[in-house]
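Beneath this line is the structure, given in structure tokens, with notes to follow.
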Amino acid sequence: MKRLFMTMVVMTLVLTGAMAADRPQVLGKSHAMLRVDVKNRYLLLPIQEREEIANIKVLADNQQVQSLNVRLAVDKVDYYVPLDLSRLSAQGSKLLLDITFYGDRRFTGAMKDFLCWKEMKQADEFDTTNREKFRPTYHHTPAYGWMNDPNGMFYKDGVYHLYYQWNPYGSMWENMTWGHSTSKDLIHWESQPTAIAPDALGTIFSGSCVVDKRNDQVVAFYTSAGTSQVQSMAVSKDNGMTFKKYEGNPVLVSTEEDFRDPKAFWNPEIQKWNLVLAVGQEMHIYSSKNLKDWTFESSFGKGYGCHDGVWECPDLMKLQVRGTDKQKWMLICNINPGGPYGGSATQYFIGDFDGHQFTCEHKDTRWMDYGKDHYATVTFDNAPDGRHIALAWMSNWQYANQVPTRQFRSANSVPRDLDLFEYEGQTYCGVTPSKELLALRGKTTSKLPKAAEIVVDVKGTTEVMLSNALGEQVVMKYDAEKRTFSMDRTRSYASFSEAFPCVTTCPVYGDIKQLRIFIDHSSIEAFDAEGRMSMTNLVFPNEPYNTIKVKGGKATIFQIDN
């Protein structure tokens, strides 16, 4: 992918050629202070991922202006992350870094000898050039650092806004902040400045945004994760580019330990706003006239679906049933652990919602995607033409921190349109690749490129095998008699986690006539072309899969250059 989705200007690393600070003042076994004479925009922090967390309190004029957790390098630098000094203090002033290390000195050695003191430098620019062989070509990823749940997605004035759980100070989970990217076509993403940063109430966990048309503003709801999890809001008057936090935060509190991920939406049927919260293993539903004062309406969850883990990241929407004049409501519930093949996954419930109570019409557990790397699925608010466009976090908590990338970790799935369909008297969620993906199709080819869409016309039972010269392979099979689809990645590179090798299998509701398979550097997403099956799995071959064999069908390969 031409890194258009990250048009944060590609910068060349310019170092001052001198250390960014004086030698550290070692004050104890785990405590040090470092004075920084601010000369440049960034302080480049050297990261070593195998080390334990160190907490850095940044002080200016004796006041704490920021706190962050980083894995400072002890004897090896894996990569650097930038601390933006220009936001914290004026050039020519001084900052004090108050650093507490949590590693065991018996294994890491004397603090004064840590490599981080030598490698910490100042620079005016930070290099975001892609250095990762597994970075996707056409999936959204952060320019650098860790990413998990998509947050606050909305569409307004021709632009899609995607916020996401982001660690700006390392490629493992920590320092939760709302990162921000924008797109005009759901494919090419442009990196934007940090949207919502941690404050005294805590780090910024997942949430949602609504387009408040009456007041011409965008309102964000998110979980402030401090001593307790509470719900906060922020308002944007410039289409989501910057937010001002509400002075009356928090707007919702609870005695529950797991109380998070607010999803708000306008409900025209009751002329009020609704909000759904994940609370333990239930969803709590609220209503409001003004987005500030919320009334508890009901809870849902007991006796329904999978309860093997904590419920997270809800979404609630009204969808059309294909080929009918019926509409039904669908509640999305992400769960971790408890997925059909271990770890995290997305389940859903079909039923009715009157603005106060959600009623489910089925007792069985239903999964939106039967792969192992589809989680935190939510939809865009205010999407055009009444569409319900979803994105998922393409990873699994069992190994998300260990996947073999360093500059960044995690990507989002391709965008998918959601609807409902009926099969044998039951209603199910339909998942179809969004129409914008058709524009990615390049020339057809007989060879398998690193990034491609494979369209397979199915003639009964069909097998598709992707492989390379090292013997690594992924095998996909549609069994027409059993009406199942499976993906075997047990022979994809997986030494980083015992939980990674797996065969995932899903039911197919009817006969598949055509498969659409999206291949990228580190992922495979397979769909029934009619949207009755989806399966999302990561893969990390040591060499790209460059050979395809198809039995029982005919494949057309579209190259994706983007």
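The values are calculated or read from the model by the stated rules, or taken from the named source; none is laboratory data. This structure is a prediction, so every number in the text was calculated from the model and none was measured. Cβ coordinates were reconstructed from backbone atoms using ideal geometry, including for glycine residues, and neighbour counts include every protein chain displayed. Protein only, heavy atoms only, side chains kept; ligands, DNA and RNA dropped before computing areas. Shrake-Rupley method; radii C 1.70, N 1.55, O 1.52, S 1.80 Å.
Quick notes on this one:
- Residue in the range 429-449 that is touching a residue at least 40 places away in the same chain (Cβ under 8 Å), closer than 25 Å to Ala494 by Cα and either open to solvent by less than 30 Å² (accessible area, probe 1.4 Å) or among the hydroxyl-bearing types (Ser, Thr, Tyr) (or both) present: yes
- Selection count, the range 245-261, where residues are more than 9 Å from Gln231 (Cα to Cα) and either of a type in the set (Lys, Arg) or assigned to a strand (DSSP E or B) (or both): 1
- Of all residues in the range 113-130, those that are more than 20 Å from Arg406 (Cα to Cα) have Cβ atoms under 6 Å from Cβ atoms of residues that are open to solvent by less than 50 Å² (accessible area, probe 1.4 Å) and of a type in the set (Ser, Thr, Tyr), 6 or more apart or on another chain, in Ala123/Tyr42.
- Candidates are the residues of the range 340-394 that are within 28 Å of Lys477 (Cβ to Cβ) and among the hydroxyl-bearing types (Ser, Thr, Tyr); the one that is surrounded by the most Cβ atoms within 10 Å (Cβ to Cβ) is Tyr375.
To keep it simple, each residue is scored yes or no on (1) farther than 19 Å from Ser467 by Cα; (2) without any contact (Cβ under 8 Å) to a residue 12 or more places away in the chain; (3) out of contact with any strand residue (DSSP E or B) (no Cβ under 6 Å at 6 or more places or on another chain).
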| residue | (1), (2), (3) |
| --- | --- |
| Cys506 | yes, no, no |
| Ile512 | yes, no, no |
| Phe518 | no, no, no |
| Phe527 | yes, no, no |
| Glu530 | yes, no, yes |
| Ser534 | yes, no, no |
| Asn537 | no, no, no |
| Pro544 | no, no, yes |
| Val550 | no, no, no |
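- Unmet requirement for Gln48, which otherwise passes all of (1) open to solvent by less than 70 Å² (accessible area, probe 1.4 Å); (2) modelled with pLDDT under 85; (3) out of contact with any Phe, Trp or Tyr (no Cβ under 7 Å at 6 or more places or on another chain): (2)
- Hey, Gly207 within 23 Å of Met330 (Cα to Cα), open to solvent by less than 40 Å² (accessible area, probe 1.4 Å) and out of contact with any strand residue (DSSP E or B) (no Cβ under 6 Å at 6 or more places or on another chain) or not: no
Here's the yes/no breakdown for (1) in a strand (DSSP E or B); (2) more than 30 Å from Asn401 (Cα to Cα); (3) at pLDDT 95 or above:
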residue: Val456; (1), (2), (3): yes, yes, yes
residue: Leu470; (1), (2), (3): no, no, yes
residue: Lys477; (1), (2), (3): yes, no, yes
residue: Met487; (1), (2), (3): yes, no, yes
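- Flag for Met465 being at pLDDT 95 or above, crowded, with 19+ Cβ neighbours inside 10 Å and not in a loop (DSSP other than H, G, I, E, B): no
- Selected residue (only one of Phe101, Phe134, Phe126, Phe114 is of a type in the set (A, V, I, L, M, F, W, C), more than 28 Å from Gly28 (Cα to Cα) and in contact with a Ser or Thr (Cβ under 9 Å, 6 or more places away or on another chain)): Phe134
- In the range 395-427, the residues that are open to solvent by 30 Å² or more (accessible area, probe 1.4 Å), within 30 Å of Lys326 (Cα to Cα) and of a type outside the set (Gly, Ala, Ser): Asp417, Asp419, Glu422, Tyr423, Glu424, Gln426
- Filtering the range 491-550 to residues that are among the polar types (S, T, N, Q), open to solvent by less than 10 Å² (accessible area, probe 1.4 Å) and not in a loop (DSSP other than H, G, I, E, B) leaves Thr504, Ser523, Ser534, Thr536, Asn537.
- When residues of the range 476-490 are limited to those that are free of Cβ contacts under 8 Å to residues at least 40 places away in the same chain and closer than 12 Å to Asn537 by Cα, the one least open to solvent (accessible area, probe 1.4 Å): Ser486
Residues are listed down the side, and each one gets a yes or a no for (1) closer than 22 Å to Asn215 by Cβ; (2) in contact with a strand residue (DSSP E or B) (Cβ under 7 Å, 6 or more places away or on another chain); (3) aromatic (Phe, Trp, Tyr):
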| site | (1), (2), (3) |
| --- | --- |
| Gly158 | yes, no, no |
| Tyr163 | yes, yes, yes |
| Pro168 | no, yes, no |
| Thr177 | no, yes, no |
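- The range 96-117 - residue that is open to solvent by less than 20 Å² (accessible area, probe 1.4 Å) and in contact with a His (Cβ under 8 Å, 6 or more places away or on another chain) and, of those, modelled with the highest pLDDT: Ile99
- The strands (runs of 3 or more DSSP E) found wholly in the range 118-201 and carrying at least 2 residues that are farther than 24 Å from Leu83 by Cβ and open to solvent by less than 10 Å² (accessible area, probe 1.4 Å) occupy 145-156, 159-167.
- Residue selected from the range 527-553 under the condition of a type in the set (Asp, Glu) and within 26 Å of Arg416 (Cα to Cα), by the criterion farthest from the chain's Cα centre (by Cα): Glu530
- Residues being in a strand (DSSP E or B), surrounded by 15 or more Cβ atoms within 10 Å (Cβ to Cβ) and either of a type in the set (A, V, I, L, M, F, W, C) or in contact (Cβ under 8 Å) with a residue 60 or more places away in the chain (or both) - total across the range 262-297: 17
- Residues that are under 21 Å from Tyr286 (Cα atoms), polar (S, T, N, Q) and not in a strand (DSSP E or B) within the range 325-368 comprise just one, Gln357.
- Residue check for Trp329: crowded, with 18+ Cβ neighbours inside 10 Å, at pLDDT 95 or above and in contact with a Gly (Cβ under 8 Å, 6 or more places away or on another chain): yes
- Residue within the range 55-72 that is open to solvent by 30 Å² or more (accessible area, probe 1.4 Å), hydrophobic (A, V, I, L, M, F, W, C) and in a strand (DSSP E or B) present: yes
- Condition met for Lys318 (basic (Lys, Arg), open to solvent by less than 50 Å² (accessible area, probe 1.4 Å) and not in a loop (DSSP other than H, G, I, E, B)): no
- For the range 357-369, the count of residues that are over 19 Å from Val310 (Cβ atoms) and of a type in the set (Lys, Arg) is at least one.
- Residues located in the range 76-95, provided they are farther than 25 Å from Glu49 by Cβ and open to solvent by 30 Å² or more (accessible area, probe 1.4 Å): Ser86, Arg87, Ala90, Gln91, Gly92, Ser93, Lys94
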